[in-house]
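Encoded as structure tokens, the structure appears first; notes follow it.
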There are 2 protein chains.
Amino acid sequence: MVTKQEIKLIKSLNQKKYRQQLGLFTVEGVKGIVEFLNSDFKLNRLYTTEQIFDAPENQTLEISENDLKKITSLKNPNTALAVFEIPKSVEADKKGLIVVLDDVRDPGNLGTIIRLCDWYGVKDLICSSNTVDCYNSKVVQATMGSLTRVNILYVDLREFISNYEGTVFGTYMNGENIYTANLPNEGIIVLGNEANGISDEITSIIDRKLTIPQFGNSKDTESLNVANATAIVLSEFRRRTIER
Amino acid sequence: MVTKQEIKLIKSLNQKKYRQQLGLFTVEGVKGIVEFLNSDFKLNRLYTTEQIFDAPENQTLEISENDLKKITSLKNPNTALAVFEIPKSVEADKKGLIVVLDDVRDPGNLGTIIRLCDWYGVKDLICSSNTVDCYNSKVVQATMGSLTRVNILYVDLREFISNYEGTVFGTYMNGENIYTANLPNEGIIVLGNEANGISDEITSIIDRKLTIPQFGNSKDTESLNVANATAIVLSEFRRRTIER
């Protein structure tokens, strides 16, 4: 049985404040939990309705479906919920492609971007401190396990970018056409906030502005969603490494 | 004031059955409504808390914030809700790039794909009959107005594809590398269901299988989300038209 105290603790992890205070976050669903168990993340406690995990017995609690409903933050919980420790971030090694997010707010977008970094072999994802927390349960859910393979840092962006020695790219509506631009193997790629794009402060330290050109002819078309923009930009950078 | 009957009617439009029966759907928020008003879509009735729209008076009802809360399907409604008529679909002209969806279920994914078609100048989006309804309010919301610029048809996919004379592409895990494949200006691109990809039935009538190669080296990485895959595939097809 899950105690009232445990329910309260797990529920509190829905808030960033408590995740940071306690250094813990939750993962739900079989596939996600298995990926975290197979990674370097440290398990705190596993609550499961079925004994199907390869996890230490003294950290595993078999619970009822009813108990699972009390601790889940999903509409349709799937078998188990695990609490893991938030690891210390590793400093970025500043080699290869680095994705930088300036104030991305939507958990689904961040989750998808983490998954794209994993697919395209981007090891370091750097976030401004006001970007949504990557241990938010909706982000963890959307990453489909990719969170275990991408190193994510929350930093002072201005400072991070200023100390970087390579080329700093940003995505804008009025930059070089990304399809014909000369793109290196390494560099920082900055993507901006859903509504406002990249802030003026960060724009002032961007080296090269890139644009994904529009092929439709309506002036009313909204700019691309930040996760789709990330997909296309990473696709373009990586494609060039094949052709060379 | 909004009558009880009107509330009931508007609420019923959250269900595909009633949308189809009544031939009506809802649009929420100022920007979206303005785009639909400026398009060929026919307004049925506009409910707004502010008189800021260029719409016929006899079809506009000024309502209170409280009334808006009664008819909205959003947590935070924005100024107005409009009911529009579902237009008759126009037959696809079978020229240029055509995107075909085989059983895409998530409203956010369909909305994003419609937006991508708009950006990349794809005029016709063909959906299998079990793909989520494009007049679902979550889809309408996610398209950010692009629904007014893309012609969407729900058809028997097998029949549609069989009658098509050009090349039929599909995205798979084991096809030609899309970055080095020879891609024409025209063709059908099929994208599949979130969990199961393209069905066996449709796979049997695909001419060429394409793959977005993985650059990260983990075997555990999930395949890309269908909206991101669409972004990358459309980007690759359109890019080639620049280089020629």
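None of the figures in this text is laboratory data; all of them are computed from the coordinates on show. This is a predicted model, so every value here is computed, not measured. Reconstructed Cβ throughout: ideal geometry from the backbone, glycine too, with neighbour counts over all protein chains shown.
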*Counting DSSP beta bridges in the protein assembly as shown, what percent are antiparallel, to the nearest 5?*
30 percent
*Where the centroid of each part is defined by its Cα atoms, how far is the range B:169-189 from the range A:108-173 in Å?*
29 Å
_Given charges at beta-carbon only (K, R positive; D, E negative), |dipole| of the protein assembly as shown in Debye_ = 600 debye
*Could you list A:Leu13, A:Leu43, A:Leu97, A:Leu147 in order of exposure, starting from the residue whose Cβ has the fewest other Cβ atoms within 10 Å?*
A:Leu43, A:Leu13, A:Leu97, A:Leu147
*Round to a whole angstrom and tell me the spacing of the C-alpha centers of the range B:1-22 and the range A:28-69.*
44 Å
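Taking neighbour counts of Cβ atoms within 10 Å as a proxy for exposure, in what order, fewest first, do A:Val122, A:Val150 appear?
Values: A:Val122 24, A:Val150 21.
Ranking A:Val122, A:Val150 by Cβ neighbours within 10 Å, fewest first, gives A:Val150, A:Val122.
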*What is the fewest-to-most order of A:Glu50, B:Glu186 by other Cβ atoms lying within 10 Å of their Cβ?*
A:Glu50, B:Glu186
_Can you compute the charge dipole magnitude of chain B about its Cα centre, using +1 on each Lys and Arg Cβ and -1 on each Asp and Glu Cβ, nothing else charged? Give it in debye, rounded to the nearest 20._
340 debye
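Is it possible to state the helix-based mean residue ellipticity at 222 nm for the protein assembly as shown, with each DSSP H run of 4+ residues giving -39500 (n - 2.57), the sum divided by total residues, to the nearest 500 deg cm²/dmol? What is it?
Details: 18 runs with 158 residues, N = 488.
Here the helix-only value at 222 nm equals -9000 deg cm²/dmol.
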*For the pairs B:Lys17/B:Lys123; B:Lys17/B:Lys70; A:Lys69/B:Lys11, note any where the Cα-Cα span goes beyond 24 Å.*
B:Lys17/B:Lys123; A:Lys69/B:Lys11
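Rounded to the nearest 20 debye, what is the charge dipole size of the range B:4-85 about its Cα centre when +1 sits on each Lys and Arg Cβ and -1 on each Asp and Glu Cβ? Display every interim value, and only then the final one.
Values: 12 positive and 11 negative charges, 134 e Å.
Roughly 640 debye for the range B:4-85.
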*Quick one: helix B:226-243 against the long Cα principal axis of chain B, what's the angle to the nearest 10°, folded into 0 to 90?*
70 degrees
*Angle, helix B:107-119 long axis vs. longest principal axis of chain B, Cα atoms, 0 to 90°, nearest 10?*
70 degrees
